[in-house]
Number of protein chains: 2
Amino acid sequence: MENSKVIRHLDPRRWEGVSVLDYKEEGQHFQSITRQVLFDGETDFPCQVRYFEIDEGGHSTLERHQHVHVVMIIRGRGRVLLNDRVEEVKEFDLVTIPPQNWHQFRATEGTPLGFLCLVNVERDRPVLPGEEDLEMLRADPDIAGFIRF
Amino acid sequence: MENSKVIRHLDPRRWEGVSVLDYKEEGQHFQSITRQVLFDGETDFPCQVRYFEIDEGGHSTLERHQHVHVVMIIRGRGRVLLNDRVEEVKEFDLVTIPPQNWHQFRATEGTPLGFLCLVNVERDRPVLPGEEDLEMLRADPDIAGFIRF
C-alpha cells in the first residue's frame, strides 16, 4: 500500500523538497513568475496542484484554453483578467476559470501574488491572443490598461 | 460560454455565498467539524474542493477508503493519523492520503484546524474501523493515545 505523505511548508510559500521551476518551459509573454508542483496527479486522481507566485510587477501569460482552472490565492494580492472584466483578488479568494475564458494574473504593486491552481493532468495547450482577440479585449479601457502582451 | 467566478474570502475562512454545512449528513464518529464546498466539480473537471474546519478539541472520522485525498492546511495547527503514524501539521503543509490509508485529523488545543481537501466527484464511501482494525491501530501507543472513535 502506498504511504501517506506530508510536504512541509517552509515560509514563505516554499515547500520541503519541492523545486521552484520556471513558469513555463518556453515562451516569453510572462514576467517574474515561478511554478511549484505540489501534487502531480495519480491514476486514481488525475489532478495536478501547482503553486504559482508572481513577484511585484510581474504577470502570467494572457491566454485561454479548453481546460478548467480552479485557483485559490494563498499569498498577497493582485488583479486578474476574467474574460470581460478585471477583478481584485486577495488571500483565500477562490477563482474558477471555465473553458475559453481569457485570463491573466498580475501582482499588485508592493506585494507578490501567490496562488494554487488545480488542473486536469490531461489538458490542452493554452492559446495566445491574435490581433483580433487583442482588439476585442482592448475595446474595454479597463482591460486595455490591464493586459500585458 | 460559461463565465469566470470569484468567490470572495471573508475572514476567518468563510466565503461569500458558501454555506457552512454539517461535516457529514449522518454518523457520529466525529466532533466539532464543519464543511464548505468551494468547487463542486464540472464535467470537464470532476474534482471537488471542500474546506473543513475542526474546532479546538474536535476531530474528523477515523476512516479509510479507496479514493485519494489531497489536503492543504490553510488555518491553524493540528495532528493527523496517517495510517501507521501521527504527524503534526500546520498552515500550508500539504498532505496526500493514498487509497486505504487510515486517517483522522484533530485540532491542536487552543487552535482550530482548517484544511482544503480535494477529491474526485465520483468516489467510494469511507469505511470505519472494526474491532480488528482498532486493535491493530492501538498496538502503537502513539496511535492508541491519538485516535478518537
When a footprinting reagent is the concern and you count Cβ atoms within 10 Å, what order do A:47, A:117 take, fewest first? A:117, A:47
Under a cut-off of 27 Å between alpha-carbon atoms, report the lysines in cross-link reach of residue B:90, not counting same-chain residues fewer than 8 places apart. A:5, A:90, B:24
Counting only residues 5 or more apart in sequence or on a different chain, those whose built amide H sits under 5 Å from that of residue B:47 are B:41, B:42, B:121
Calculate log10 I(q)/I(0) of chain A for q = 0.12, 0.14, 0.18 Å⁻¹, where I(q) comes from the Debye formula with a single equal point scatterer on each Cα and nothing for solvent. -0.50, -0.68, -1.12
Identify, for chain A, the residue whose C-beta comes nearest the rotation axis onto chain B, and round that distance to whole Å. A:47, 2
Name the residue farthest towards the positive end of the dipole of the range A:1-133 from the options A:43, A:83, A:7, assuming +1 on Cβ of Lys and Arg, -1 on Cβ of Asp and Glu, about the Cα centre. A:7
Could you list B:1, B:72, B:136 so that the one with the fewest beta carbons within 10 Å of its beta carbon is first and the one with the most is last? B:1, B:136, B:72
From the Cα gyration tensor of the protein assembly as shown, with a ≥ b ≥ c the square roots of its eigenvalues, which class applies: rounded if a/c is under 1.5, or else prolate if a/b is larger than b/c, or else oblate? prolate
Mind checking the dipole of the protein assembly as shown: about its Cα centre, +1 per Lys or Arg Cβ, -1 per Asp or Glu Cβ, Debye to the nearest 20? 580
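Just counting partner chain Cβ atoms within 10 Å, what average do the residues of peptide A:69-76 show around their Cβ?
4
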Filtered GluC sites (Glu not before Pro), the range B:1-86: DSSP coil and at most 12 other beta carbons within 10 Å: B:16, B:25, B:26
If you filter the range B:71-149 for GluC sites (Glu not before Pro), then keep DSSP loop positions with at most 12 other Cβ within 10 Å, what is left? B:109, B:122
Given charges at beta-carbon only (K, R positive; D, E negative), |dipole| of chain B in Debye: 380
Taking the Cα centroid of the range B:1-31 and of the range A:9-65, what is the distance between the two, rounded to the nearest whole Å? 26
If amide H atoms are modeled at 1.01 Å from N in the peptide plane, then the residues at a separation of 5 or more from residue A:69, or on another chain, having amide H under 5 Å from its own are A:97
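All of the numbers you see were taken from the coordinates with simple rules; none came from a lab. In this text, all values refer to a predicted model and were calculated from it rather than measured experimentally. Ideal geometry is used to build each Cβ from the backbone, glycine not excepted, and the neighbour counts take in all protein chains shown.
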